[in-house]
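Values quoted throughout were computed directly from the atomic coordinates according to the rules given, and no laboratory measurement underlies them. Remember, it's a predicted structure, so these values are computed and weren't measured experimentally. For neighbour counting, all protein chains shown are included, and Cβ atoms are generated from backbone atoms with ideal geometry for every residue, glycine included.
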Amino acid sequence: MMTRKNIKRNGLLFLAIFFFLISCKNADQKQKGIIKKEEHTLAILPFTGVDSILLRKIKEGLQSKLSVKITQLPSAILPGHAFYKPRQRYIADSLLSFLGKTNNGRFEKIIGITTKDISTRKDPHENWGIFGLGSCPGEACVISSFRAGRNKVPGKDFFRRMVTLALHEVGHTYGLQHCPVSNCLMKDAEGKMNLDDGDSYCGKCNSYLKGKGILSENNTSEK
């Protein structure tokens, strides 16, 4: 007949064996490289008027470079409080705040896309027109097709520009600063059209994103 002491001892022995086997299994999985990585998530929020083909191209472009699960949200109306009437632009900083509230922590990152002109304050300019803006680091970013599509650029070049712009601003949300490498997509636009200079992250920016665990295995960098 087993005593209470023996039952307790056997129970502790069973638990010890159980946790030992679990640790061995995890170690074996880690050695084989099959431990599940942390999943990174990104939401795309199109504002009214954004073309469905453009959305698909941007989603595909983001997935080609970044290891993130992308969810496209329903289209939203641009918030009226963000409109800057003197220049007929939407203030990007206000849009970032709107995106953050809309996301409400559901996704790791969120990117807004609009066809309207957007702006931010850049001394000495109170209202400076921009291609996009991203919190660095932060949760939200926003891009506009208004300037990227100027001068009747061919469709494929326009889509490439918008993908480059999206990767640039999403890169900011993960902490990437502007890059001095001339053909890196993290290069500062400085108010100019440089979206045709490079559509990939440079080696240094690639390494940074790899360290964050968000670099796609299919991604290739500019040297």
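Taking the alpha-carbon centroid of each part, what is the distance from segment 100-120 to segment 60-83 in angstrom?
For segment 100-120 versus segment 60-83, the Cα centre distance is 7 Å.
List the residues whose amide H sits under 5 Å from the amide H of A76, counting only those 5 or more places along or on another chain, with H placed 1.01 Å from N in the peptide plane.
F47, T48
Would you mind calculating the gained length between Q72 and E190 on full extension (0.36 nm times residue separation, minus the Cα-Cα distance), in nm to one decimal? Display every interim value, and only then the final one.
On the way: separation 118, 0.36 × 118 = 42.48 nm, distance 2.98 nm.
Between Q72 and E190, full extension yields an extra 39.5 nm.
What is the order of F47, F146, F131, fewest Cβ neighbours within 10 Å to most?
On the way: F47 21, F146 17, F131 25.
Fewest-to-most Cβ neighbours within 10 Å comes out as F146, F47, F131.
Taking R0 as 22 Å, what's the FRET efficiency between Q88 and R56 from their Cβ-Cβ distance, rounded to 0.05? Kindly include the intermediate steps, with their values, before the conclusion.
Details: r = 28 Å, r/R0 = 1.30.
Computed FRET efficiency for Q88 and R56 comes out at 0.15.
Mind sorting M162, M193 by how few other Cβ atoms lie within 10 Å of their own Cβ, fewest first? Please report the intermediate quantities before stating the final value.
Values: M162 24, M193 14.
Result, fewest neighbours first: M193, M162.
Take every DSSP beta bridge with both residues inside segment 41-212 and express the antiparallel ones as a percent of the total, to the nearest 5. Walk me through the numbers on the way to the answer.
On the way: 9 of 27 bridges.
Around 35 percent of the beta bridges assigned by DSSP in segment 41-212 are antiparallel ones.
Using only the Cα atoms, work out Rg/Rh for segment 41-212, with Rh taken as the Kirkwood radius, to two decimals.
On the way: Rg = 14.8 Å, Rh = 16.0 Å.
For segment 41-212, the value is 0.93.
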